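A.B. asks: Quick one: structure below, then a few questions.
Any read-out appearing in this document is the output of simple, stated calculations on the displayed coordinates, not a laboratory observation. The model shown is predicted, which means the values in this text are computed figures rather than measured ones. Don't worry about glycine lacking a Cβ; one is built from the backbone with ideal geometry, like all the others, and counts go over all protein chains shown.
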Amino acid sequence: MAKRLLVANRGEIAIRIMKSAKELGLTCVVIKSPKEADALYLKHADEVVSFDDASNATSVFLDIDALMGICRENNIDVLHPGYGFLSENPDLANACKENNVVFAGPKSELIRDMGNKTIAKEKAVEAGLPLLAGSAGVVHSYEEAEDIADKIGYPVILKAAAGGGGRGMRIVESRDQIEKNYKSAHAESLAAFNNGDLFVEKYIPSPKHIEFQILADMHGNVIHLGERECSLQRKHQKLIEEAPSPFLSPQKREEMGQKSVEFAKKIGYDSVGTIEFIMDANANYYFMEMNTRIQVEHPVTEMITGVDLIAWQLRVAMGEKLTLTQDDIKFQGWAIECRINAEDAQNRFSPETGIISQIIFPEGEDIRIETGVENNSVVTPYFDSMLAKIIVRGWDRQNAIGRMDRALLNFRIDGLKTTVPFSKLVINHRDFTLGTYTTKWVEDYYTDIMLENPVDEMIAAHAAVYLYHNEFSKVASDTPDFEEDSMSVWVMKRRLNS
């Protein structure tokens, strides 16, 4: 039986992992970097290993040799990589195997195959998942990309085969843009992933991003825990997630869930994972990729299913047989998650640094906070900008939106700007309340003038609420130039100030 776990990560996910690991009886060991000597996650660990190599202060979580050395020196049985860093690096999984350390994730060959989008697409075709039209594999020149784009029609998207997070991606609207975009995407992919391979795909201008949560063991058992709607993004980074999706019918949910399970079985998957789809306006869905790690947004699934995904990720990694069946998975209520980042939403979401002088978290029924900061925490430029996640559950979507709105009103961080005001605005916007938002919403509809100053921030956040409480007709009759399909902050400001 495993006894000692190394959490090879930091921040809120390290705390989240330790919570479940301790309930399983594991001793939790974490790594202290000189750049975060007083970080909150250190206080939640049973043991702290100091890593004082100044030359490697911020990259210890990216150093496989260093991590294996820490495992050997501290008698580590299990390593959990969290998300980010080396969580989807097959070499880490292989190194754990060679050092007799259980890796909380799938086999290294699965990580490698799913990390290469061309191989993943080939596996998806074999499993019968639909794909967008595009290249059969890697394209080796911009001329080859031109030929494929001419056949499938514009717009197309160039994607890094080994990519993620939006790097190595370029949208191409016409033939004369291919050469320039191919070269820049290739260079970016090579720099980011040490792999410049690209493929071509038909581009859907305003899609939905839907992902299915998979749970599998080493004994051939696979189930899904429903879908998450992750379409509220900026620069391919998710900002707000919800489960289930307001866009899927029960029939479509059943179909996609079953196909996701069949795909996972086909490739021999054996851990927690997520199969991601892109959907067009007609609810046609296409396989995009598979993530072989725990997702940032996993709490919304846990909130509506009652299943501890981290605990099961550890349990199946240690060889346990999955005792849950598909019939055991019951969906109760609706959950929404807002990521709270140290970013200035009025300045292209630029990162913020500084000291948090005061932080107040909302409390209440079905409110879950996951955070890696507290009062006097120092937010540095060395790590990810996410400070916390607010997750709420309601008995239905409308109730969950109301609870999230109240939770955001009672959330406060002093000392630096965060995305709380932006989240307030989105939650109350008609496109969100109607569930019609797509991955292009931020780009197409968000303007920083909505949050020009603290007063206007609140006006913007509550404008849609007034509209949905029969105020729209009054505003429209008083203001001839008010457009029904937009949220006019300035009209609402005049009304509230009158």
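A.B. asks: Under 28 Å Cα-Cα from residue 417, which lysines qualify once same-chain neighbours fewer than 8 residues away are excluded?
C.D. replies: Straight-line reach from residue 417, under 28 Å: 32, 35, 43, 235, 238, 389, 440, 493.
A.B. asks: Further, regarding this structure: If I compute semi-axes √(5λ) of the Cα gyration tensor in Å from the structure I just sent, which labelled value in (1) 103, 31, 24; (2) 35, 30, 23; (3) 54, 29, 20 lines up?
C.D. replies: So the calculated entry is the one marked (2).
A.B. asks: Efficiency by 1/(1 + (r/R0)^6): what FRET value for residue 173 and residue 252, r their Cβ-Cβ distance, R0 = 51 Å, to the nearest 0.05? Intermediate results must be reported in sequence, preceding the final value.
C.D. replies: Working: r = 30 Å, r/R0 = 0.59.
Computed FRET efficiency for residue 173 and residue 252: 0.95.
A.B. asks: Relative contact order of the chain: what whole-number percent is it, with Cα pairs under 8 angstrom and at least 6 residues apart?
C.D. replies: Details: 1019 pairs, mean separation 63.5, N = 498.
Once normalised by length, the contact order is 13 percent.
A.B. asks: Rounding to the nearest 20 debye, state how big the charge dipole of the chain is about its Cα centre with +1 on each Lys and Arg Cβ and -1 on each Asp and Glu Cβ. Can you show the working numbers first?
C.D. replies: On the way: 55 positive and 75 negative charges, 112 e Å.
In debye, rounded to 20, the chain gives about 540.
A.B. asks: Along the positive direction of the dipole of the chain (beta-carbon charges: Lys, Arg +1; Asp, Glu -1; about the Cα centre), which of 418, 392, 131 reaches farthest?
C.D. replies: Of the options given, the answer is 392.
A.B. asks: Please give the charge dipole size of segment 208-433, origin at the Cα centre, charges +1 on K and R Cβ atoms and -1 on D and E Cβ atoms. Round to the nearest 20 debye. The partial results should precede the final answer.
C.D. replies: Details: 26 positive and 33 negative charges, 77 e Å.
Dipole size: approximately 360 debye.
A.B. asks: Quick one: 3J(HN,Hα) in Hz for segment 29-34, Karplus 6.51/-1.76/1.60 with θ = phi - 60°, rounded, Gly and Pro as x.
C.D. replies: Once θ is set to phi - 60°, the couplings for segment 29-34 become 10, 10, 10, 9, 9, x Hz.
A.B. asks: Explain nothing, just compute: Karplus ³J(HN,Hα) = 6.51 cos²θ - 1.76 cosθ + 1.60, θ = phi - 60°, for every residue of segment 205-211 in order, whole Hz, x for Gly and Pro.
C.D. replies: Taking θ as phi minus 60°, the curve returns x, 10, x, 9, 10, 10, 10 Hz for segment 205-211.
A.B. asks: OK, next. Place a label point 7 angstrom from the Cα of residue 320 along the Cα-to-Cβ direction, then list the residues of segment 13-46 whose backbone nitrogen is under 12 Å away.
C.D. replies: 20-26
A.B. asks: For residue 272, enumerate residues with amide H under 5 Å from its amide H, sequence gap 5+ or separate chain, H modeled in the peptide plane.
C.D. replies: Those lying under 5 Å, H to H, from residue 272 are 216.
A.B. asks: Okay, moving on. What's the longest bit of the chain with no exposed trypsin sites (Lys or Arg not before Pro), using DSSP loop states and at most 11 other Cβ atoms within 10 Å as the test?
C.D. replies: Details: sites that count: 3, 321, 330, 348.
Here the longest run is 4-320.
A.B. asks: What size of dipole, in debye to the nearest 20, comes out for segment 18-139 about its Cα centre when the only charges are +1 on Lys and Arg C-beta atoms and -1 on Asp and Glu C-beta atoms? Numbers along the way, then the final one.
C.D. replies: Numbers: 12 positive and 18 negative charges, 84 e Å.
That gives segment 18-139 a dipole magnitude of about 400 debye.
A.B. asks: Let me ask another. Simple spin-label model, 7 Å along Cα-to-Cβ: residue 396 to residue 191 in nm?
C.D. replies: Inter-label distance under the simple model: 5.0 nm.
A.B. asks: Only loop residues by DSSP count here, and only those with at most 15 other Cβ atoms within 10 Å; note down the GluC sites (Glu not before Pro) in segment 106-198 that meet that.
C.D. replies: Working: sites: 109, 122, 126, 143, 144, 146, 173, 179, 188; in loops: 173.
Listed in order of number, the matching sites are 173.
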